[in-house]
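Taken together, the values in this text are just the output of simple stated rules run on the coordinates, not laboratory data. The model shown is predicted, which means the values in this text are computed figures rather than measured ones. Every residue, glycine as well, gets a Cβ built from its backbone with ideal geometry; the counts of neighbours run over all protein chains shown.
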There are 4 protein chains.
Amino acid sequence: MFFASDNWAGAHPRIAESLAREAAGYAAAYGTSDLDRRMEERFNDLFQREVAVFFVGTGTAANSLSLAAVAKPGGVTFCHSEAHVTADECGAPEFLTGACRLFPVPGPNGKMDAQALSAAIGRFPPGAVHQGRPMAVTLTQATEMGTVYSLDEIEAIGAVARSHGLPLHMDGARFANALVALGATPADMTWKRGVDILSFGATKNGCWCAEAIIFLKPELATEMPFIRKRSAQLFSKTRFISAQFEAYLDGGLWLDLARNANGMADRLRAGIAASSKSRLAWNTTTNEIFAVLAKDAATLAEDRGAKFYDWPVPAETPDLLGENEVLIRLVTSFSTTADEVDRFLEVLA
Amino acid sequence: MFFASDNWAGAHPRIAESLAREAAGYAAAYGTSDLDRRMEERFNDLFQREVAVFFVGTGTAANSLSLAAVAKPGGVTFCHSEAHVTADECGAPEFLTGACRLFPVPGPNGKMDAQALSAAIGRFPPGAVHQGRPMAVTLTQATEMGTVYSLDEIEAIGAVARSHGLPLHMDGARFANALVALGATPADMTWKRGVDILSFGATKNGCWCAEAIIFLKPELATEMPFIRKRSAQLFSKTRFISAQFEAYLDGGLWLDLARNANGMADRLRAGIAASSKSRLAWNTTTNEIFAVLAKDAATLAEDRGAKFYDWPVPAETPDLLGENEVLIRLVTSFSTTADEVDRFLEVLA
Amino acid sequence: MFFASDNWAGAHPRIAESLAREAAGYAAAYGTSDLDRRMEERFNDLFQREVAVFFVGTGTAANSLSLAAVAKPGGVTFCHSEAHVTADECGAPEFLTGACRLFPVPGPNGKMDAQALSAAIGRFPPGAVHQGRPMAVTLTQATEMGTVYSLDEIEAIGAVARSHGLPLHMDGARFANALVALGATPADMTWKRGVDILSFGATKNGCWCAEAIIFLKPELATEMPFIRKRSAQLFSKTRFISAQFEAYLDGGLWLDLARNANGMADRLRAGIAASSKSRLAWNTTTNEIFAVLAKDAATLAEDRGAKFYDWPVPAETPDLLGENEVLIRLVTSFSTTADEVDRFLEVLA
Amino acid sequence: MFFASDNWAGAHPRIAESLAREAAGYAAAYGTSDLDRRMEERFNDLFQREVAVFFVGTGTAANSLSLAAVAKPGGVTFCHSEAHVTADECGAPEFLTGACRLFPVPGPNGKMDAQALSAAIGRFPPGAVHQGRPMAVTLTQATEMGTVYSLDEIEAIGAVARSHGLPLHMDGARFANALVALGATPADMTWKRGVDILSFGATKNGCWCAEAIIFLKPELATEMPFIRKRSAQLFSKTRFISAQFEAYLDGGLWLDLARNANGMADRLRAGIAASSKSRLAWNTTTNEIFAVLAKDAATLAEDRGAKFYDWPVPAETPDLLGENEVLIRLVTSFSTTADEVDRFLEVLA
């Protein structure tokens, strides 16, 4: 009953096997091996266009260096008020972009509102040196609240960004979960809707440590080799990342893993909604669930060994909790089993 | 015949097995799992004192964040003129310390001279704001030229650093190779000689990606949790590093691997010195060899599939090469075999 | 009728005379001359305690380096949502602190609410590496909306800061105007209410270029000599700043100048409130006035040569303007005359 | 007898008068006033081509922001080993360029050798991510050793820079002194010889605080408005700088002032060379003199009130001093008088 986070899971056996297989033998270092090159090309197929790919070690690095690639003195990036980049990365995006800033844009359900975005950008008149200047927009798909932007919503944000000449970045720490939830292709959910740079996360979905920055507009990546190296994100044995991606993408494993996570979340959601001791705090469609539980039930679940986090009540819904209720977050993963889910739901019976 | 670099090798089978074993099951993320804690404590034993341990992803990160931990506005770190931090890290130490500087100190055989170090520090009179101020000394063990500092030499450098109140950092990308070459213990080669912070590298010696910053003075590490996170070096599934270290240190595997690398280098050195087509450019005692070869021999070796790098002639020995001679670098690794070495030496027969 | 900003004025004749007088003769450079030392000591008297003083060139530098003095990796400074540091300094505070962040705290009348501040700090639980950590609180006195914090309000903010162990900085770009408005002493309005660091601005109030960072807790200033120099704010002929401060403080000139600015603002306020073509948008007590004018009147004023800025309607009062009305900002200065004010008021007659 | 530094002098009376004249009246702030614009245009005439001009507060800011304008991730700037940017600015160039590095190039007489420069750049093969990459070359005219580059020498350096596609910056803290020494025009000594960006210093030569960055290739300045603002170098009352430049350039005052400084230095040089108690340590042609004095004479001079600095013996001439001799630096300024010089020379009689 490990629902604390999808990064509490380990790695899928096929990922581990791929690493073991690659362990023998020699190959050129620093991203120049045949395997590294092959994996970079693999992403061209995946995205149905030529892309530039840079492997890095953490999701925070992927987000931060994506923004560093388009950084400008005085630059400001627009993100949702609760986005991971601004709330949970200890200032790494600011630090690794050379002190560019993040400007919070509100919006319900963890999603940046296109009109609010437009208004926020409007606060920075072109050439106004005191305010600084817009440099990028970033959105998270799936969001920190477990929701997903629809393709139309992404397109609307993309249109605002494009109208101001700003590149659009997508934090795809849970990219696969969002893709499966929408039934879309990688191309559909990115460049066809205006996304220029993607943090393609694989760690949370069954890898040990595999993150890629995908430049859907390769011309934005010209500075990246130097940006990555001076940020200490160029691995010598890059193969250990490539080998993970090889197994991850092979035969659609990555989508199967996300389908498991989302499917187990569906099973949890159904049970939570059906119980008199719990309800869904808001609707989610991926592998994150926010639930209101009777305190007794939550305590009982913990006593039985369930792992999950208490969650702060969002400012926009101050009256969410009744007496003796608690808000919790549950996250399923590639390795969650139906048995685990059912044991949790027994608590709510 | 892969002698290009020790980071062209993959990972030792026991490292791969350890990762595979750990892949199943759940554990707390971001360095808080039982295994992470256990491995951190393992280093206390290894160094025979209480240390603070921080895992990071690359050797460049280990060096840069070691210095960031002791950074000060206007700070200057003293290093050998050809040290990896100044010559091969694309300015990452400067970038990740918030623009602190590296000041080159000369010295023969790739080793910083203690007197030259003292003179260099003397250029920065206390309180002189224009020059900036000393903040640290860093040395590389084994050095970039394949040599090692003797314990006395480390102590001499340590004494200079201490007399100026400066912390001493050791770049131990090839720590195990140096240790084996000297027949010393980790404690002997570090804090007993004045080393305060160590980049403990394991990647080159048989891991996929395992680097640790060891604070031999734990009180220097108070800022490190934030420094590491904002530099995007805090891995969510830290277990993938810990599991490597577990196998690496278990039963002295790490020293066995370094012994293999150094031993194969001895075998190469003996053959090179004995041949009329080659000679050692200078003496080395670890797994790096710098050799002068007849151009014909070098070409033949490459034709037969040997991988190695041509190397620039050091400025201090401009007359190193005779006519039709070339300087090359050969690096052995944990996985180099006697057969590989012997096939290379056949070229020189 | 120059009401665009107090920095459109030049310098008071006594400032210019002081500079001319000091122009002859020699003195030690870089802040070490007798005059520099004397002026630094002058601030001890002014603040009735021993302070550490650092002259810099701009208000932005004063604010940014004040925060740099207390910066920490992952550090977050709390400020009002519309504070100058976050809205008008092009990211200089972030850049010059090595990428520390500013966290917006709401509050009516341009003033940070002490409870909202407490809640904002509460979002950063001690030791939580992902969020980063609080490092300082900064407030602006007088505020960007022309209001002033009462002594009690400053004390309330100071109490919150102190209870979290955070230093409190005051942006005093219009320090003298606030002091005169409150009838307080410098000590009353700063350290007696919990302020630890002050940007003491003199440029807007009659100097050419004179800004001082006053450390009311001198022990916070230990890094400042290096912070200032590496930020390119150590002037060689520091006397040109000291000579301005000498005349500025001598005989209470600075308070007389602020009294003129505030008094002329009172005269403007009275006229605006009395006219049927205008009203005060909100109450202010210093030299900034925000007024709602009939569009015709605003146009007429401009036609007659009045200089002022149109101002965006604050988000908290979206219905501020009626039909054919406009919001403008008027700023008086040390050199504003009653005649100028009266000519402006004629437009509203 | 103030020979400590040219920045111990105050300001020329005509500078002070200009400031006093401008003190009255109002003008637009932040570099947008008529006077600011007029002065910017004045530089077009001075340099006989269209240039982009940015006023800043200190020479360190001028140098640092010049390099920031052409900074790149991993960027390296080549400078003389003893250049002011690397020896005397506390790391400000590194800090304000976002951690770009300075690479020392040797050369006799304080001048970078064109061949040594070429060799240094050659250490950075294009595309080699580990080393970083060249981004600029900077030379100081007049040099820190009191010498000047001949026009041919500048051209040779310019040719090397251009052949590698690198912008050439000139630190002109003593630009006027060099110009007068060479009898050249500003155009001759800059863009006609390959200089792209100039730190045009006026503070040392009779202003209070007047430094300008001149982009002789204006297309390099596109980022500068934001770079300057976020570095806290945009002054609100920019007029106080413009007014100084107005008087400084008017009627060739600046060249007259430099002629005085250089001429007084000639007088000193002649006396020092003629005395048995002193000699010139090396030849200089501007307002800096390095002299070897009998210790007794140096002590006597100090006793009589002369101000000058002891100077460290350059590493390249370790045997410079005989027994009981000392190396000193003497600097003349715009305000040095023949009487002062003669009183100093009396000591050597």
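How high is the FRET efficiency between D:Thr337 and C:Thr337 when r is their beta carbon distance and R₀ equals 35 Å, given to the nearest 0.05?
Working: r = 44 Å, r/R0 = 1.25.
Once rounded, the FRET efficiency stands at 0.20.
Stokes-Einstein D for the protein assembly as shown at 25 °C, 0.890 mPa s, Kirkwood Rh over Cα pairs, in µm²/s? Before the final figure, lay out the partial values.
On the way: Rh = 33.8 Å.
For the chosen part, D equals 73 µm²/s.
Given DSSP loops and a limit of at most 13 other Cβ atoms within 10 Å, what is the longest stretch of chain A that contains no such GluC sites (Glu not before Pro)? Counting at most 13 other Cβ atoms within 10 Å as exposed, the longest clean stretch of chain A is A:51-315.
So what is the 222 nm mean residue ellipticity for chain C from helices alone, if each DSSP H run of at least 4 adds -39500 (n - 2.57) and you divide by all residues, rounding to the nearest 500 deg cm²/dmol? List each step's numbers first, then the result.
Numbers: 14 runs with 137 residues, N = 349.
For chain C, the value works out to -11500 deg cm²/dmol.
Looking at C:Leu65, C:Gly194, C:Gln141, which one has the Cα that reaches farthest to the positive end of the dipole of the range C:12-252 (charges on Cβ: Lys, Arg +1; Asp, Glu -1)? Going by the charge dipole, the pick is C:Leu65. In this assembly of identical copies, the label point of A:Arg37 (Cα plus 7 Å along Cα-to-Cβ) is separated from its counterparts by 4.8, 5.8, 6.9 nm, sorted shortest first. Measuring against 31 Å, Cα to Cα, the residue pairs A:Lys217/D:Lys192; B:Lys111/B:Lys277; B:Lys229/C:Lys237; A:Lys217/A:Lys307; A:Lys237/C:Lys229 contain A:Lys217/D:Lys192; B:Lys229/C:Lys237; A:Lys217/A:Lys307; A:Lys237/C:Lys229 as the ones spanning a longer distance. In this structure the amide hydrogen of C:Gly132, modeled in the peptide plane, comes within under 5 Å of the amide hydrogens of A:Cys90, none closer than 5 places in sequence on its chain.
Hey, got the dipole for the range D:221-329? About the Cα centre, +1 on K and R Cβ, -1 on D and E Cβ, debye to the nearest 20? All intermediate terms of the calculation are to be shown ahead of the outcome.
Details: 14 positive and 14 negative charges, 114 e Å.
So the magnitude is around 540 debye.
The B:Ala128 and C:Ala159 beta-carbon pair, evaluated with R₀ = 51 Å, returns a calculated FRET efficiency of approximately 0.80.
What does the net charge come to around D:Glu223 if you take all other residues with beta carbon closer than 15 Å to its beta carbon, with K and R at +1 and D and E at -1?
Numbers: positive: A:Lys72, A:Arg133, D:Lys72, D:Lys217, D:Arg228, D:Lys229, D:Arg230; negative: A:Glu223, D:Asp196, D:Glu219.
In short, +4.
Each Lys or Arg adds one and each Asp or Glu subtracts one; over the other residues with Cβ under 15 Å from the Cβ of D:Ala315, this totals -4. Take C:Asp296, push a point 7 Å out from Cα through the beta-carbon direction, and compare it with the same point in every other copy: 7.3, 9.4, 10.5 nm, smallest first. Taking amide hydrogens as placed 1.01 Å from N in the peptide plane, the amide H of C:Ala71 sits under 5 Å from that of no residue at least 5 positions away in sequence or on another chain. The rotation axis taking chain D to chain A passes closest to the C-beta of one chain D residue; that residue and the distance in whole Å read D:Gly98, 2. Sorted from shortest to longest, the distances between the B:Gln115 label points of this copy and the other copies are 3.0, 7.2, 7.8 nm, with each point 7 Å from Cα along the line through the beta carbon.
If r is the Cβ-Cβ distance from B:Glu17 to A:Asn283 and R0 is 56 Å, what FRET efficiency results, to the nearest 0.05? Mind showing how you got there, number by number?
Details: r = 44 Å, r/R0 = 0.78.
Using R0 = 56 Å, I get an efficiency of 0.80.
Here the simple spin-label model places points 7 Å from the Cα toward Cβ, and for A:Glu302 and C:Arg304 these points are separated by 7.0 nm.
Rounded to the nearest 20, the size of the Cβ-charge dipole of chain A about its Cα centre is 780 debye, with Lys and Arg at +1 and Asp and Glu at -1. Spin-label model, B:Gln48/D:Lys295: points 7 Å from Cα along the beta carbon direction are separated by 4.9 nm. Expressed as a whole percent, the proportion of Cα-Cα pairs in chain A lying more than 39 Å apart is 16%.
Loop-located trypsin sites (Lys or Arg not before Pro) across the range A:240-349 with a Cβ neighbour count of 12 or fewer within 10 Å are A:Arg304, with loop assigned by DSSP. Alpha-carbon geometry of the range B:254-347: the Rg and the Dmax are 12.9, 41 Å, given in that order.
Relative contact order of the range D:14-252, please, whole-number percent, based on alpha carbon pairs below 8 angstrom and at least 6 residues apart. Mind showing how you got there, number by number?
Details: 437 pairs, mean separation 70.0, N = 239.
29 percent.
Any idea what log10 I(q)/I(0) is at q = 0.10, 0.16 Å⁻¹ for the range C:94-192, Debye with uniform C-alpha scatterers and no solvent? Relative scattering, expressed as log10 I(q)/I(0), comes to -0.28, -0.71.
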